[in-house]
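Presented below is the structure to which this report refers.
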């Protein structure tokens, strides 16, 4: 075996000089993604519906930019993008993170419930993405939407939430050709069960530790929860030029839970 014949490619994710918007990013998964991008040198624009920035104080010694807008509302999304453009210039990347799995009714998939879930899980991304060509650099720009394994496979989540996430996945697939007319790529990440402080899984683990651990052993090949870092790292890869041959795809990051090919 000739070891010298092997060449190791050192991956260096450098986002210096990059301007990146992360929606829904003052808490939860979006916060971790935004912080990870800050650590790679990016100028990160955090976003939330309200002016509550308590979690952003956890980020030490870094300049924080924060814009208030409910991106499920098309007009607010439009105004925020214009304000960002006026202050920073064109965006290089966007992470559409806003989503909400809470449901008004678990079983029926009523019109009211369906409209609510689409507003919370599809429109926050489509409102931003549809305007992206006017607010992004038209050269190797990239967008990542945060979806869910609920949109890829029926795992018993609320009907309307699963439908809304499936709609988001199809939106990403469908809009990819239009966006690449502007040299912008778009992909989605569908996380599995992600554990972090304040997550729904932290609550479930406290309420029924044994049942949750049994679920991980039975349903998840890697037998563990995912971490925010697992998802952040995948998002960083998809934003970067290392994924330059990928667009319009939803990538499942779930430790081997879902069974789809």
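The values are calculated or read from the model by the stated rules, or taken from the named source; none is laboratory data. Remember, predicted model here, so these are calculated numbers, not experimental data. Note that we place each Cβ from the backbone using ideal geometry, even for glycine, and neighbour counts take in every protein chain shown.
Okay, residues lined up against (1) over 21 Å from the mean Cα position of the chain (by Cα); (2) closer than 16 Å to residue 146 by Cα:
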{"residue": "157", "(1), (2)": "no, no"}
{"residue": "160", "(1), (2)": "no, no"}
{"residue": "169", "(1), (2)": "no, yes"}
{"residue": "172", "(1), (2)": "no, yes"}
{"residue": "177", "(1), (2)": "no, no"}
{"residue": "187", "(1), (2)": "no, yes"}
{"residue": "198", "(1), (2)": "no, no"}
{"residue": "202", "(1), (2)": "no, no"}
{"residue": "223", "(1), (2)": "yes, no"}
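Would you check if there is a residue in the stretch 169-192 being assigned to a loop (DSSP other than H, G, I, E, B), under 23 Å from residue 100 (Cα atoms) and touching a strand residue (DSSP E or B) at 6+ places or on another chain (Cβ under 6 Å)? Give the derivation first.
Of all residues in the stretch 169-192, those assigned to a loop (DSSP other than H, G, I, E, B) come to 181-183, 192.
With the extra rule that they be under 23 Å from residue 100 (Cα atoms), the set shrinks to 192.
So of that shortlist, the ones also touching a strand residue (DSSP E or B) at 6+ places or on another chain (Cβ under 6 Å) come out as 192.
Within the stretch 169-192 (the criterion being assigned to a loop (DSSP other than H, G, I, E, B), under 23 Å from residue 100 (Cα atoms) and touching a strand residue (DSSP E or B) at 6+ places or on another chain (Cβ under 6 Å)), the answer is yes, since at least one residue qualifies.
Name the residues in the stretch 252-261 that are touching a strand residue (DSSP E or B) at 6+ places or on another chain (Cβ under 7 Å) and either in a loop (DSSP other than H, G, I, E, B) or surrounded by fewer than 19 Cβ atoms within 10 Å (Cβ to Cβ) (or both), would you?
253, 254, 255, 258
Kindly provide the set of residues from the stretch 182-217 that are buried (at least 16 other Cβ atoms within 10 Å of the Cβ) and in contact (Cβ under 8 Å) with a residue 60 or more places away in the chain, ordered by number.
185, 186, 187, 188, 189, 190, 191, 192, 193, 194, 196, 199 - these are the residues of the stretch 182-217 that are buried (at least 16 other Cβ atoms within 10 Å of the Cβ) and in contact (Cβ under 8 Å) with a residue 60 or more places away in the chain.
Specify which of the listed residues (227, 250, 258) is closer than 26 Å to residue 103 by Cα and under 12 Å from the mean Cα position of the chain (by Cα).
250
Among the residues that make up the stretch 111-122, is at least one of them under 18 Å from the mean Cα position of the chain (by Cα) and under 20 Å from residue 234 (Cβ atoms)?
Among the residues of the stretch 111-122, at least one is under 18 Å from the mean Cα position of the chain (by Cα) and under 20 Å from residue 234 (Cβ atoms), which makes the answer yes.
Mind counting the residues in the stretch 44-66 that are surrounded by 19 or more Cβ atoms within 10 Å (Cβ to Cβ) and modelled with pLDDT of 95 or more?
5
How many of the residues in the stretch 90-125 are crowded, with 17+ Cβ neighbours inside 10 Å and part of a helix (DSSP H, G or I)?
10
Looking only at the stretch 132-141, which residues are touching a strand residue (DSSP E or B) at 6+ places or on another chain (Cβ under 7 Å) and outside any loop (DSSP other than H, G, I, E, B)?
Residues satisfying the conditions are 132, 133, 136, 141.
Residue 197 is checked against (1) closer than 28 Å to residue 35 by Cβ; (2) not in a loop (DSSP other than H, G, I, E, B) and fails just one. What number does that condition carry?
Unmet for residue 197, out of (1) closer than 28 Å to residue 35 by Cβ; (2) not in a loop (DSSP other than H, G, I, E, B): (2).
Since residue 46 meets every condition but one in (1) in contact with a helix residue (DSSP H, G or I) (Cβ under 7 Å, 6 or more places away or on another chain); (2) farther than 18 Å from residue 20 by Cα, which condition does it not meet?
Evaluating residue 46 over (1) in contact with a helix residue (DSSP H, G or I) (Cβ under 7 Å, 6 or more places away or on another chain); (2) farther than 18 Å from residue 20 by Cα leaves (2) as the failure.
Let me spell it out: the conditions are (1) part of a strand (DSSP E or B); (2) without any contact (Cβ under 8 Å) to a residue 40 or more places away in the chain, and residue 154 meets all of them except one. Which number is the exception?
Every condition holds for residue 154 apart from (1).
Within the group 144, 129, which residue is under 22 Å from residue 237 (Cβ atoms), touching a strand residue (DSSP E or B) at 6+ places or on another chain (Cβ under 8 Å), surrounded by 24 or more Cβ atoms within 10 Å (Cβ to Cβ) and at pLDDT 90 or above?
Criteria check complete, one pass: 144.
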